[in-house]
Amino acid sequence: MDYFIELLFSGLTKGSIYGLIALGYTMVYGIIGLINFAHGEIYMIGAFTSFIVATVLSIYGFPLLAIIVIAGVAAAVWSSAYGYTVEKVAYRPLRHAPRLSPLISAIGMSIFLQNYVLLAQTSDFLPFPALIPEFDFMEPVAHIVGSSDLVILITTAVSMLALTFLIKFTKIGKAMRATAQDRTMAVLVGINVDRVISATFIIGSALAAIGGMLIASHIGQINFYIGFLAGIKAFTAAVLGGIGSIPGAVLGSMVLGLTEAFATGYVSSDYEDVFAFSLLVLILIFKPSGLLGKAETKKV
Amino acid sequence: MFPLKELKRSLLISLWFAFLTFPIMVIKVDPIDRIVIWRWDNMAFVAIGSFVLSILIKVWILRKERRNLRKSTNRDITEPFVQRILREPRFLYPLCLGVLTFALLFPSLFSTYQTNIMITALMYVVLGLGLNIVVGVAGLLDLGYVAFYAVGAYSYALLNMHFGLGFWTVLPIGGLLAALFGILLGFPVLRLRGDYLAIVTLGFGEIIRLVLENWSAFSNGPSGISNIPRPSFFGMEMTFEGQIHYIYYLVVALVIFTIFVVNRLQNSRLGRAWLALREDEIACQAMGIDKTKTKLIAFSLGAFWAGLVGVFFATKTTFVSPASFSFLESAIILSIVVLGGMGSIVGVIFGALILILMPEYLRSLSEYRMLAFGGILVAMMIFKPQGIISNVRRSYKIKNKSTISE
């Protein structure tokens, strides 16, 4: 039973991280209908930025709490800046191009950013400082649920609540929903669509950066290549939940995280990624609209 | 003249990029020795580089606008230079002959090392042409193309290891197996829309690689299969150099065969159906084209070529391992097609030669190769989506307009 609960929590932790990344995919897709292939790289850059900032601060002897806060803010700021720039450089000029063009551009951007980090930093795995301390009150259950699992779950929940609030009750959230429904109509009622799209990229990137920092501190090491796999898996999660739908992305991520945890726990750990990819292929074949998505009808 | 306002804008852009690249380009930490290295020179490079680049792009845009203005007043659309040469038989045939002679003389003119590099480049030409059918002509973005390449390579390696089959027996088998995989994958997924198709093929490519890596009993795992024999020539004994030359000529033959088939396909009924499908699926179905069947043929034909090249790859390197078939390989082949010009045969050949030979000869730049590939994909989509040599559709021009109006 302990093993089951351990797997359950590891699945939920994984699912929350996927969720933080998947939200970026699903928001961008909902608004401009583009699979933002470079999103996984934004997450990787978030992890790297927080790694660099945290290590520098710890060398200069800052207290742990200050390190966590500054590293988190820096990761979110720089990731957002990257997300904003990527959209402006690689996607905005192609907004009226055929559908394949922005996708190829996104793949190019993803390869570019990966190699940029590889060349500017290193190809080795870097040890990430343990930012999350072991809490005393977690002592009795520490062999099943780690403190970092708890912190990840709470942070994710808070981020998602904040996002829901932003989208439901603020002006920019309203503008985002309007743009997602009908871009032309949104322009007609006076919404600055360019700004809404930029805001979407910024919010998605900041969430991914938080995810990057949490998972890097949880696993304890990072590398320039982490974004690729995490990106594809988060995309799988977004598709599973129904791409374009925000609750769908969260649900899909949890399902994917749990599937992976139980499959690796009870079947075989060699095929962890194969399970995720197979799940993706199966969903796309049998239910391309996902669990909570709406089926797309094409009118001529 | 260059306006001052634009200069100010470029300055802001360079400041933005200096800020953007600050943590990753400037700071380098060594977490074990606890040292921070500040690389301020990198920041200067980024700032100056982005400043110059933004000015160049602006100048380019201004010039293009001016040219478009001129073009709209005088509506004579000129055909690209390369296309004109290709159209004229009196230029085309001597050119082909020249290229062919050069290709045939290549091993005797250059060293074995050069020949070996050329074999690789020519293999990518065939891969590019194969993917060109799928992506360029039929418009199906396949990101898992390397999976079919792996199927070809592994079918030779495994069939040879277990059953002792030779190169010539496996060559068609490898191609057909890859085509079969293409059909198996294509059948369920070709109903999907373009971008979903891209992701599913990407996932499929990764699944194949992961299975090859983890299923040790079948594929020998990450250590791969070595000692794959080179092709035989009627049982003749050959020196190492002779074998390389032999493989070279085989690959040249494969390239010629591929060009011939692809060229014939392009203007066939099937080729036109692919183009039509790329442009508008619904209109295409209304014209009575079987959507699934046409797409499936494109997919499996592309896979067939990847399988053939896979067998060549296995015999050339005499060793296969899953590491050779990563997603980056698919990305390289896709860059070839995009850079060359989607749908254009000559373009793809040029694209493959440029992208594969350039890093080989500029060793110092090979580190930056993948960075350049990524950059090329983005830049090509933004500035020249039709590629370096764009494909001009065969069209019929009516020469004498007055006869019609009568």
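The values are calculated or read from the model by the stated rules, or taken from the named source; none is laboratory data. Predicted, not measured: the structure shown is a model, and the values here were computed from it. Cβ sites come from the backbone with ideal geometry, for glycine too, and all protein chains shown count toward neighbours.
Based on what the data block shows, is B:Ser10 at pLDDT 85 or above, more than 30 Å from B:Phe260 (Cα to Cα) and within 14 Å of another protein chain (Cβ to nearest Cβ)? Spelling it out, it is not the case that B:Ser10 is at pLDDT 85 or above, more than 30 Å from B:Phe260 (Cα to Cα) and within 14 Å of another protein chain (Cβ to nearest Cβ). Considering only residues in the stretch A:43-69 that are more than 12 Å from every other protein chain (Cβ to nearest Cβ) and within 20 Å of the chain's Cα centre (by Cα), the one that is surrounded by the most Cβ atoms within 10 Å (Cβ to Cβ) turns out to be A:Tyr43.
There is no residue in the stretch A:134-153 that is in contact (Cβ under 8 Å) with a residue 24 or more places away in the chain, within 14 Å of chain B (Cβ to nearest Cβ) and surrounded by 19 or more Cβ atoms within 10 Å (Cβ to Cβ).
Just so you know, in the stretch B:181-212 the residues that are touching a residue at least 60 places away in the same chain (Cβ under 8 Å) and surrounded by fewer than 17 Cβ atoms within 10 Å (Cβ to Cβ) include one that is farthest from the other protein chains (Cβ to nearest Cβ), and it is B:Ile183. Per the listing B:Leu212, B:Leu143, B:Leu197, the residue uniquely in contact with a Phe, Trp or Tyr (Cβ under 8 Å, 6 or more places away or on another chain) and within 19 Å of B:Asn132 (Cα to Cα) is B:Leu143.
Here A:Thr184 meets each of (1) within 22 Å of the chain's Cα centre (by Cα); (2) among the polar types (S, T, N, Q); (3) surrounded by fewer than 19 Cβ atoms within 10 Å (Cβ to Cβ) with one exception, condition (1). Evaluate the following for A:Ile5: is it surrounded by fewer than 24 Cβ atoms within 10 Å (Cβ to Cβ) and within 27 Å of A:Leu118 (Cα to Cα)? When the stated conditions are applied, A:Ile5 does not pass them.
One residue alone among B:Asn263, B:Asn227 is assigned by TED's automatic domain parsing to the domain that holds B:Leu308 and at positive phi, and that residue is B:Asn227. Considering B:Leu328, B:Leu339, B:Leu362, the condition of being modelled with pLDDT under 85, within 23 Å of B:Phe148 (Cβ to Cβ) and surrounded by fewer than 19 Cβ atoms within 10 Å (Cβ to Cβ) is satisfied by B:Leu328 alone. Considering only residues in the stretch A:99-128 that are under 30 Å from B:Arg34 (Cα atoms) and more than 7 Å from every other protein chain (Cβ to nearest Cβ), the one that is surrounded by the fewest Cβ atoms within 10 Å (Cβ to Cβ) turns out to be A:Asp124. Filtering the stretch B:224-280 to residues that are among the charged types (D, E, K, R), within 29 Å of B:Val135 (Cβ to Cβ) and either surrounded by 14 or more Cβ atoms within 10 Å (Cβ to Cβ) or in contact with a Ser or Thr (Cβ under 7 Å, 6 or more places away or on another chain) (or both) leaves B:Arg272, B:Arg278.
Summed over the stretch B:16-48, the residues that are of a type in the set (A, V, I, L, M), surrounded by 12 or more Cβ atoms within 10 Å (Cβ to Cβ) and within 12 Å of chain A (Cβ to nearest Cβ) give a count of 10. Beta carbons closer than 8 Å, at least 6 apart along the sequence or on distinct chains, pair a first residue in the stretch B:119-141 that is within 14 Å of chain A (Cβ to nearest Cβ) and at positive phi with a second that is part of a helix (DSSP H, G or I) and surrounded by 24 or more Cβ atoms within 10 Å (Cβ to Cβ) for B:Gly139/B:Trp274.
Within the stretch A:200-300, which helices (runs of 4 or more DSSP H) (wholly inside it) include 2 or more residues that are more than 13 Å from chain B (Cβ to nearest Cβ)? Don't jump to the end; show me each part of the working.
Working: elements: A:226-241, A:246-266, A:272-286.
By residue number, A:226-241, A:246-266.
Only residues that are without any contact (Cβ under 8 Å) to a residue 60 or more places away in the chain and buried (at least 22 other Cβ atoms within 10 Å of the Cβ) were counted in the stretch B:342-358, giving 1. Checked against (1) modelled with pLDDT of 85 or more; (2) outside any helix (DSSP H, G or I), B:Glu79 passes all but condition (1).
Of all residues in the stretch B:246-272, those satisfying the criterion of being part of a helix (DSSP H, G or I) and either at pLDDT below 85 or of a type in the set (Ser, Thr, Tyr) (or both) are B:Tyr246, B:Tyr248, B:Tyr249, B:Thr258, B:Gln266.
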